[in-house]
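The values are calculated or read from the model by the stated rules, or taken from the named source; none is laboratory data. Please read these numbers as outputs of a predicted model, since none were measured by experiment. Cβ: placed from backbone, ideal geometry, glycine included. Neighbour counts: every protein chain shown.
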Amino acid sequence: MIYLRGIVLAFLLAAQSAMSGPSAPGMLAHPSIIAGNAYVGAFNGTNDYLSTTTSTLNPAAYSFSAWVYLSAIPASGYYVSILSQGATGFTTMLVTSSGTILEGINTTAANTTTNVSYLGTHVLAANTWYFVSMTYDSVAGLNGYVNGVLDGSAAANGTAADNTGVFEIGGNYPCCGGRYLNGQISDVSIYNVALTSAQVNTLYTGGSITSGLIGQWNINEGTGTTATDSSTGGNNLTWAGTASGNFGYYQGP
């Protein structure tokens with residue numbers, strides 16, 4: 001648990017400016033920490049997740065981003081979901097048992113399998129904040145980033161097959177359920193454009209990108225069963241699971 005006040009906050013911001021790349025602790029650029037917010041979404045790894053059934057993406061180009069903190073790396077042969085869009089032909093961002101990011105998209109070219117995907121190379125450690133992003137363009141392809149640095153890519157293969165309906169954070173993986181994340185997630189964003197690498201880095205370093213923004217959830221309410229969408233989309237998320245409405249304090253590095 002951390003409390004940022006006065007000289008402590010100034011020290012962290014100064015440290016942020018001296019660091020770059022995936023090795024820099026992600027929390028130093030975390031926008032909610034800079035804003036002084038105390039709460040994040042806390043996921044128990046058993047049945048907690050956030051969900052809405054009314055999310056709509058531009059099937060030809062879109063982006064996701066989130067701050068994520070893993071309390072534990074998934075067990076061998078297992079993976080957990082950071083976020084997903086769609087119920088059948090879906091877009092998803094996962095963490096593997098190796099601590100790497102796996103991103104996949106079902107497209108109209110073959111929507112029964114995840115036919116655009118990549119497995120990242122940067123290994124996430126437990127008990128550390130990371131900023132993870134994915135962008136997809138039906139011409140330029142799929143790109144994934146960790147702390148503003150390109151982590152992997154894949155060639156395009158059509159538009160997204162399932163761009164409406166279910167959007168979920170922290171688990172309830174659309175094809176087979178479960179995949180619940182044990183950790184914390186904050187400041188999740190969806191864009192109806194494929195962000196550039198420079199724009200992804202702007203978000204990582206605490207900047208703001210509003211063009212194309214259709215969803216923004218800080219997940220810092222601290223109480224209740226709703227994560228409020230602070231974008232103009234107004235698409236609030238609802239906690240599901242036995243411990244619905246689970247918020248926690250930021251965890252330090």
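Residues being among the hydroxyl-bearing types (Ser, Thr, Tyr) and part of a loop (DSSP other than H, G, I, E, B): count how many of those fall in the range 52-108.
Residues of the range 52-108 among the hydroxyl-bearing types (Ser, Thr, Tyr): 52-56, 62-63, 65, 69, 71, 76, 78-79, 81, 84, 88, 91-92, 96-98, 100, 107-108.
Subset that is part of a loop (DSSP other than H, G, I, E, B): 71, 76, 78, 88, 97-98, 100, 108.
Final tally of qualifying residues: 8.
Tell me, yes or no, whether the range 17-30 has at least one residue that is at negative phi, at pLDDT 85 or above, of a type outside the set (S, T, N, Q) and within 14 Å of the chain's Cα centre (by Cα). First the steps, then the outcome.
Narrowing the range 17-30 to residues at negative phi: 17-20, 22-30.
Right, trim to at pLDDT 85 or above and you get none.
Checked the range 17-30: no residue is at negative phi, at pLDDT 85 or above, of a type outside the set (S, T, N, Q) and within 14 Å of the chain's Cα centre (by Cα).
Yes/no matrix, rows are residues, columns are (1) of a type outside the set (S, T, N, Q); (2) crowded, with 20+ Cβ neighbours inside 10 Å; (3) part of a strand (DSSP E or B):
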site: Val166; (1), (2), (3): yes, no, yes
site: Gly171; (1), (2), (3): yes, yes, no
site: Ile185; (1), (2), (3): yes, yes, yes
site: Ser189; (1), (2), (3): no, yes, yes
site: Ala198; (1), (2), (3): yes, no, no
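Can you name the condition, by its number, that Gly234 falls short on among (1) free of Cβ contacts under 8 Å to residues at least 12 places away in the same chain; (2) buried (at least 20 other Cβ atoms within 10 Å of the Cβ)?
(2)
Among the residues of the range 38-69 satisfying the criterion of being modelled with pLDDT under 85 and hydroxyl-bearing (Ser, Thr, Tyr), which is surrounded by the most Cβ atoms within 10 Å (Cβ to Cβ)?
Going through the qualifying residues, I end up with Ser55.
Of the conditions (1) part of a strand (DSSP E or B); (2) surrounded by fewer than 24 Cβ atoms within 10 Å (Cβ to Cβ), Ala156 satisfies every one except a single condition; which number is it?
Among (1) part of a strand (DSSP E or B); (2) surrounded by fewer than 24 Cβ atoms within 10 Å (Cβ to Cβ), Ala156 violates only (1).
Among residues belonging to the range 200-225 that are in a loop (DSSP other than H, G, I, E, B) and touching an Asp or Glu at 6+ places or on another chain (Cβ under 9 Å), point out the one that is modelled with the lowest pLDDT. So that I can check it myself, show each step before the final result.
In the first step, residues of the range 200-225 are kept if they are in a loop (DSSP other than H, G, I, E, B); the result is 205-212, 218-225.
Filter once more, so that each one left must be touching an Asp or Glu at 6+ places or on another chain (Cβ under 9 Å): 218-220.
Working: Asn218: 88, Ile219: 88, Asn220: 83.
For the range 200-225, the residue satisfying everything is Asn220.
If you take the residues of the range 127-153 that are crowded, with 21+ Cβ neighbours inside 10 Å and farther than 19 Å from Gln85 by Cα, which of them is farthest from the chain's Cα centre (by Cα)?
Asp151
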